[in-house]
Amino acid sequence: MAALEPLFERFGGAMATLARSMLRDVAEAEDVVEEALVRAHDAGPGFRGERGLRTWMLRITASLCRDRLRRRRFTAGSLDGPTPIEDAGLRFDPVAGWDERLDAHAMAERLEVAMNRLPPEQREAVVMRHRLGLSHEEMCVALGVPIGTVKSRLSRALAAMREDLKDWDA
Amino acid sequence: MKDRDVTRDRTGAGDAPRWLELLAGAHAEPEPGTLARARARLAARGAEPAWVRWLARPAALAASAALLVISAWAANAWLSASATQPADDGSIVAALLGEDGSYGLRIDAGGTPGSIRPDSGGTER
């Protein structure tokens, strides 16, 4: 049980970010993180470490999020609220190198809404790639799908978001 | 968390639009109570017998499903085998029915309408 604390310290942030981005419900996301820690503890002896602990923890978290989304009959964390990022229990920090003349927070909120209109499998791909910074190979492991599927999900997600935000590209 | 700083550098967006970088600006920190709750769950489970813990694992569901399939297959095989077995001539039903369907009664094929059977209770003139 002593191994739980370093796991939580190192990966708790990424796990919580993934769970809250997917579920948009703080309490449910915390339940997922808790369950993921318990499962990691149970499966710990079988962990071989080929692909890294972080990917493995995110794989458990993503799987639990998918289970919850399948069972869910309502949409938590309304996207109609004035603060879609904060409503999901996320915090927005200034992004380095971003043009300060633009209202990054307002743009990020619109981006959040566009992302949450995506189907869950595309949304989790976008979150893993662009919010958590996983490589395609790490995503294969975390999502349990081939690299072609990872790329096509990202590509379709990006096309849908571009369409949603086409006035930005213009 | 340190983790975020490392991952943000690895976001190779390629030809992705720049606004995708804004996604990396939103993040969350887990609530400290989450670790305590996970620990409490594990501690509570430590007091349970091993077989109860095993029942809670997905392997228990798989094992139950496998047992169900094996039982269904065995029952089906057993029923099929008994259905193809020849009827037991020594059984009571077979003895009662006989092969001629007389239900144990003798049918006189050459009998005339006026004839009286021995067990009819009538008298012969």
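Looking at A:Arg123, A:Arg129, A:Arg110, A:Arg162, just one residue is of a type outside the set (Gly, Ala, Ser) and farther than 21 Å from B:Ala28 by Cβ, and that residue is A:Arg162. Looking at A:Ala125, A:Ala142, just one residue is of a type outside the set (Val, Ile, Thr) and modelled with pLDDT under 95, and that residue is A:Ala142.
Only one of the numbered conditions (1) within 13 Å of the chain's Cα centre (by Cα); (2) at the interface with chain B (Cβ under 7 Å from one of its Cβ atoms) is violated by A:Ser21, and that is (2).
Can you name every residue in segment A:131-144 that is buried (at least 24 other Cβ atoms within 10 Å of the Cβ) and either within 9 Å of chain B (Cβ to nearest Cβ) or of a type outside the set (Gly, Ala, Ser) (or both)? Passing the criteria: A:Arg131, A:Leu132, A:Leu134, A:Met139.
Applying the criterion of being acidic (Asp, Glu) and at the interface with another protein chain (Cβ under 7 Å from one of its Cβ atoms) to the residues of segment B:19-60, the residue that is nearest to the chain's Cα centre (by Cα) is B:Glu31.
Quick one: which residue in B:Ala44, B:Ala60 is of a type outside the set (Phe, Trp, Tyr), exposed (fewer than 12 other Cβ atoms within 10 Å of the Cβ) and modelled with pLDDT under 90? I'd like the intermediate steps shown before the answer.
Details: B:Ala60 fails: exposed (fewer than 12 other Cβ atoms within 10 Å of the Cβ).
Just one listed residue meets the conditions, B:Ala44.
The values are calculated or read from the model by the stated rules, or taken from the named source; none is laboratory data. If you're wondering where the values come from, they're calculated on a predicted model, not measured in any experiment. Glycine gets a Cβ as well: all are built from the backbone with ideal geometry, and neighbour counts include every protein chain shown.
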